[in-house]
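As C-alpha cells, the structure follows; a few thoughts come after it.
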Amino acid sequence: MTIARRHLRTLPIVTLCLLVLGSAGALAQHKFLMSRSGRPEIKVMLSGVVEREEGRIPLEEAKTVKPGEVLGWTITSANEGDGPAQEYRTEGKIPPGTKFVAGSATADGSATVTYSIDNGKSFSAEPTIEVKQPDGSLKRVPAPLSMYTKIRYEWSDPLTQGGKLIASYKVRLN
C-alpha cells in the first residue's frame, strides 16, 4: 500500500512535467514552422518616362512635359524578404491633369488589372457611371478614361522570395 501511495503522490508531478514539456515542444514546433515560412519584404520602385519623337526620356531628365505628351509609368516590385508574398497587389496613381491611355496596362505573369474612378475606394475591370437619358431614365455606361484615378494589379501567384514583378501603364497629359 505504501508503494501505491508513493506512485499516487508522484502522479500529479509527472503529469505537470508532461504538460510543460508538451507545451514547450508545441511552441518550438510553432516557432520552427513560422521561421520556415518566412516574411516577405517588398521594395517598390516607380519610374517614369516621357515618350517623344527622339525616344523615351526618363522623367527626371525631361525639363518640361507638354500637353498631349504620353508619360509611361513602371512599377517594379521586388521581394527581398525570406518568404513569399501571397495575394500580392500594387496600385498606380493616374495623376490629375492626365488621362489613362486605353490598352496600355501591362504586367508580368497572370496579373488582373482593375481601375478606380473614386480615388481607390472601389475597383472594377470596367468602371461605369450612370448617365441620365433624354427620357429621364438612368443608364450605366463605361466611365470615360478621363475619370480614371488609380490602376491596380493583382497576382494570384505569390511573389516569391527574390522574385520581381513589373507592371506599367501610360497616361496622356491634358
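Read-outs throughout are calculated quantities, based only on the coordinates presented, and are distinct from any laboratory measurement. None of these values were measured; they are calculated from a predicted model. For neighbour counting, all protein chains shown are included, and Cβ atoms are generated from backbone atoms with ideal geometry for every residue, glycine included.
With K and R counted +1 and D and E -1, the other residues having a Cβ less than 13 Å from that of residue 114 yield a net charge of 0. Exceedance of the 27 Å cut-off in Cα-Cα distance is limited, within the set 132/170; 66/150; 43/121; 63/99; 99/139; 63/121, to 132/170; 63/121. Amide H contacts under 5 Å for residue 101: 170, 171, 172, restricted to partners 5 or more places along the chain or on a different chain, H placed in the peptide plane at 1.01 Å from N.
Residue by residue, the stretch 133-139 carries 3J(HN,Hα) couplings of 8, x, 7, x, 6, 9, 10 Hz when phi is fed to the Karplus relation 6.51 cos²θ - 1.76 cosθ + 1.60 (θ = phi - 60°); x denotes Gly or Pro. For the stretch 38-173, the Cβ-based charge dipole about the Cα centre amounts to some 460 debye (Lys, Arg positive; Asp, Glu negative; other atoms uncharged).
For residue 93, a cut-off of 13 angstrom between C-alpha atoms picks up these aspartates and glutamates, skipping any fewer than 8 places away in its own chain: 118.
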